[in-house]
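Here's the structure we're looking at; comments come further down.
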Amino acid sequence: MIKKRQDWAGYVFLLPWFGGLVFMVVPFFASLYLAFTDYDLLTPPRWAGLANFEEMLGDVKLHQSLKVTFVYTLVSVPVSLAVALAVAIVLDRGVRGLAIYRSIYYLPSLLGGSVAIVMLWRYLFGYDGIVNGFLSWFGITGPAWTTDPDHALTTLILLHVWTFGAPMVIFLAGLRQIPAMYYEAASMDGASRWRQFRSITLPLLSPIIFFNLIQALIASFQTFTQGYVISNGSGGPADSTLFYNLYLYQKGFAEFDMGYASSMAWLLLIIIAGFTAINFLAARYWVFYDN
């Protein structure tokens, strides 16, 4: 009798999850259906077969959005993880006021994707912004970072790197789990700090690096707010900040081409799943677990 009551209590606690599952499963299959239709929100969807996917092959703006998103991901993810790991290693050496530093570094991760911070970034890197004001002290005339097609994406990559706090906290927790006796033994054998880093820290921290890598990859492919705010939703200048999700938003909610937007969403899902699968396959060669 007691066991049955416990089972029912468990099901009651799971009810919110089942309720949330409905709001995930229904849109999931609805978008799959709409991806094969011509749907403008005002009239019933009409079956179009593979027409949306065939249109993608000749869509120049789609190709540009993929290029922007790939460059952003392939540059910002490794750089932000490297910065996060470097700061975590420094903080792991018993710095005074560690909790304060950890909070300061973590704060940008909470605010980095917000509209307010992107607006602040836009002000900092504006033609008359603080960055160019600083460069002018050295006689350097800085470009219009956010309105120059050659520098706009770089500015957003810097914003992404600045939000390294979340992976840094996870790296720091992982570093605390590495037994000190390994470093003591290596020091007695005369191993340098660089050798200790390569032979002890990196292998034992590789599961944490892998976890942060997957998280960062998925988040980068889903970037939207930064590009939207910097370009006022246009993806400019010259489509240099036209992220894939921003173009998807334009197709769905500006042009009301929901069928095409749904097919784009499924393409993004396939891309993210592909990158994740590749990383899981490659992980067997560089990620070390206890077994």
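The values are calculated or read from the model by the stated rules, or taken from the named source; none is laboratory data. What you are looking at is a predicted structure, and each value in this text was computed from that prediction instead of being measured. Cβ coordinates were reconstructed from backbone atoms using ideal geometry, including for glycine residues, and neighbour counts include every protein chain displayed. Areas reflect the complete protein model, heavy atoms only, side chains present, ligands, DNA and RNA absent. Shrake-Rupley method; radii C 1.70, N 1.55, O 1.52, S 1.80 Å.
Go through region 281-291 residue by residue and tally those that are among the hydrophobic types (A, V, I, L, M, F, W, C) and without any contact (Cβ under 8 Å) to a residue 12 or more places away in the chain.
Narrowing region 281-291 to residues among the hydrophobic types (A, V, I, L, M, F, W, C): 281-283, 286-288.
Imposing the further condition that a residue be without any contact (Cβ under 8 Å) to a residue 12 or more places away in the chain reduces the set to 281-282.
Adding up the residues that qualify gives 2.
Given (1) modelled with pLDDT of 95 or more; (2) open to solvent by 80 Å² or more (accessible area, probe 1.4 Å), where does V71 come up short, assuming only one miss?
Unmet condition: (2).
Please indicate, with yes or no, whether at least one residue in region 218-232 is under 21 Å from S76 (Cβ atoms), more than 18 Å from the chain's Cα centre (by Cα) and modelled with pLDDT under 90.
The answer is yes; a qualifying residue exists.
Can you name every residue in region 43-65 that is open to solvent by 40 Å² or more (accessible area, probe 1.4 Å) and outside any loop (DSSP other than H, G, I, E, B)?
Hits for region 43-65 are R46, W47, A51, F53, E54, E55, L57, V60, K61, H63, Q64.
Out of the residues in region 76-103 that are at pLDDT below 75 and aliphatic (A, V, I, L, M), which is surrounded by the fewest Cβ atoms within 10 Å (Cβ to Cβ)?
Step by step, filter region 76-103, then rank; the result is A99.
Only one of K61, K67 is without any contact (Cβ under 8 Å) to a residue 24 or more places away in the chain and under 24 Å from Q222 (Cα atoms). Can you tell me which?
Matching residue, one of K61, K67: K67.
Going through region 253-264 one residue at a time, which ones are assigned to a helix (DSSP H, G or I), of a type outside the set (F, W, Y) and surrounded by 17 or more Cβ atoms within 10 Å (Cβ to Cβ)?
Those that are assigned to a helix (DSSP H, G or I), of a type outside the set (F, W, Y) and surrounded by 17 or more Cβ atoms within 10 Å (Cβ to Cβ): M258, G259, A261, S262, S263, M264.
Sort through V169, V131 and tell me the only one that's open to solvent by 30 Å² or more (accessible area, probe 1.4 Å), farther than 18 Å from V83 by Cβ and not charged (D, E, K, R).
V131
Give me the pairs, please: first residue somewhere in region 250-274 and under 16 Å from G49 (Cα atoms), second residue anywhere and aromatic (F, W, Y) and open to solvent by 30 Å² or more (accessible area, probe 1.4 Å), beta-carbon distance under 6 Å, and either six or more positions apart or on two chains.
So the pair list comes out as M258/Y39; G259/Y39; S263/F53.
Under 8 Å by Cβ, and 6 or more places apart or on different chains, what pairs join a residue from region 159-184 that is basic (K, R) with one that is open to solvent by less than 60 Å² (accessible area, probe 1.4 Å)?
R176/D92
Select from region 139-158 the residues that are open to solvent by less than 20 Å² (accessible area, probe 1.4 Å), modelled with pLDDT under 85 and not polar (S, T, N, Q) and list them in ascending order.
Result: G142, single match.
Hey, can you tell me all the residues within region 145-183 that are of a type in the set (F, W, Y) and either in contact with a Lys or Arg (Cβ under 8 Å, 6 or more places away or on another chain) or not in a helix (DSSP H, G or I) (or both)? Let's see the steps before the verdict.
Our first condition is that a residue be of a type in the set (F, W, Y); within region 145-183, this holds for 145, 162, 164, 171, 182-183.
Of everything in region 145-183, those that are of a type in the set (F, W, Y) and either in contact with a Lys or Arg (Cβ under 8 Å, 6 or more places away or on another chain) or not in a helix (DSSP H, G or I) (or both) turn out to be W145, F164.
Out of (1) in contact with a Gly (Cβ under 8 Å, 6 or more places away or on another chain); (2) modelled with pLDDT of 80 or more; (3) among the aliphatic types (A, V, I, L, M), what's the single condition that is false for L107?
In the conditions (1) in contact with a Gly (Cβ under 8 Å, 6 or more places away or on another chain); (2) modelled with pLDDT of 80 or more; (3) among the aliphatic types (A, V, I, L, M), L107 misses (2) alone.
What number goes with the only condition from (1) in contact with a Pro (Cβ under 6 Å, 6 or more places away or on another chain); (2) open to solvent by 50 Å² or more (accessible area, probe 1.4 Å); (3) in a helix (DSSP H, G or I) that A238 does not pass?
(3)
If we only count helices (runs of 4 or more DSSP H) wholly inside region 184-234, which ones have 3 or more residues that are out of contact with any strand residue (DSSP E or B) (no Cβ under 7 Å at 6 or more places or on another chain) and closer than 14 Å to N245 by Cβ? Quick ask: steps written out before the conclusion?
Details: elements: 193-196, 202-221, 225-230.
Correct list: 202-221, 225-230.
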